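Novice: Quick one: the structure is below, and I'll ask about it shortly.
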Amino acid sequence: MKEELFDYLVTNTGALTLQDVVLSFLVALVLGVVIYISYYFSHSGEVYSARFNVSLVMLTLITTLVMNIIGNNIALSLGMVGALSIVRFRTAIKDPRDTAYIFWCIAVGICCGVSDFMIAGVGTSIIFLFMLIFGIVKNNDRYLLVIRGKYECAEYIEKIANDKYKGKARLRVKNTSAETVEYIFELSQAMIDAANKNEECISDILYKKEGIVNVNIVCQNDEINR
């Protein structure tokens, strides 16, 4: 029984012909280009990385290569799992969608590697259409209003911020010392647009008060801080 199991693990290699290998790589390349196009249009903002996009196509082809090597050989597949388990990836993911794209490439590569082109094609078509429709969804930007000045300007800063944004500005941080004070308010794009409509910007109003050192507005979101 042990000898039969050993012979099965060693001899059942599931060797592919040259035509099968070439076909699997061609299909993987075509579907990889589809993923490339999808990533390009859904990440057309500031977080788009051309090199990462190219690496998605490479990942699809590499996964196909690995699946062609493994075939139906169980022993080789176990060895490949052990070899790949020592690889550690430290790439920072800026956008949660990047993780989904990585798994998409791996899934397509696995399907092409086992010559299951129908599932790869249908799945890629559905995901591609989904990303065309919902891929342009962006996170709402958050704005931080940072005001620094002398300690005696504290009440003036709070009054101007509340009046300018109709009491909707959220106070996130208030740092004080014996001589200085710092405020950080959280704003939305709608609040800024409404406050600036036919009115002075808040920095011009604040700088009229002696003792205001600086006024900064910082935009941040889940993708990138700027």
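The values are calculated or read from the model by the stated rules, or taken from the named source; none is laboratory data. As the structure is a prediction and not an experimental result, all values here were calculated from the model. FYI the Cβ positions are ideal-geometry reconstructions off the backbone, even for glycines, and counts take in every protein chain you see.
Here's the yes/no breakdown for (1) farther than 20 Å from M131 by Cα; (2) under 17 Å from the mean Cα position of the chain (by Cα); (3) free of Cβ contacts under 8 Å to residues at least 24 places away in the same chain:
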position	(1), (2), (3)
L29	no, no, no
V33	no, no, no
S38	no, yes, no
F41	no, yes, no
Y48	no, yes, yes
V54	no, yes, yes
I62	yes, no, no
M67	yes, no, no
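Yes/no matrix, rows are residues, columns are (1) in the same structural domain as V213 (by TED's automatic domain parsing); (2) of a type in the set (G, A, S); (3) free of Cβ contacts under 8 Å to residues at least 60 places away in the same chain; (4) closer than 16 Å to V213 by Cβ:
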residue: I147; (1), (2), (3), (4): yes, no, no, yes
residue: Y151; (1), (2), (3), (4): yes, no, yes, yes
residue: Y156; (1), (2), (3), (4): yes, no, yes, yes
residue: G167; (1), (2), (3), (4): yes, yes, yes, no
residue: L187; (1), (2), (3), (4): yes, no, yes, no
residue: A194; (1), (2), (3), (4): yes, yes, yes, no
residue: E199; (1), (2), (3), (4): yes, no, yes, no
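Novice: Name the residue, out of V173, V218, that is out of contact with any His (no Cβ under 7 Å at 6 or more places or on another chain) and either among the basic types (K, R) or in contact (Cβ under 8 Å) with a residue 40 or more places away in the chain (or both).
Specialist: Working: V173 fails: either among the basic types (K, R) or in contact (Cβ under 8 Å) with a residue 40 or more places away in the chain (or both).
Being out of contact with any His (no Cβ under 7 Å at 6 or more places or on another chain) and either among the basic types (K, R) or in contact (Cβ under 8 Å) with a residue 40 or more places away in the chain (or both) holds for just one of V173, V218, which is V218.
Novice: Take S115 and tell me if it is over 21 Å from Y39 (Cα atoms), among the polar types (S, T, N, Q) and modelled with pLDDT of 80 or more.
Specialist: On the way: over 21 Å from Y39 (Cα atoms): yes; among the polar types (S, T, N, Q): yes; modelled with pLDDT of 80 or more: yes.
Judged against the criteria, S115 is a match.
Novice: Would the range 125-138 turn up any residue that is polar (S, T, N, Q) and within 27 Å of A28 (Cβ to Cβ)?
Specialist: Start the filter on the range 125-138 by keeping residues that are polar (S, T, N, Q), which leaves 125.
This time we only want the ones that are within 27 Å of A28 (Cβ to Cβ), so: 125.
The answer is yes, given that some residue of the range 125-138 is polar (S, T, N, Q) and within 27 Å of A28 (Cβ to Cβ).
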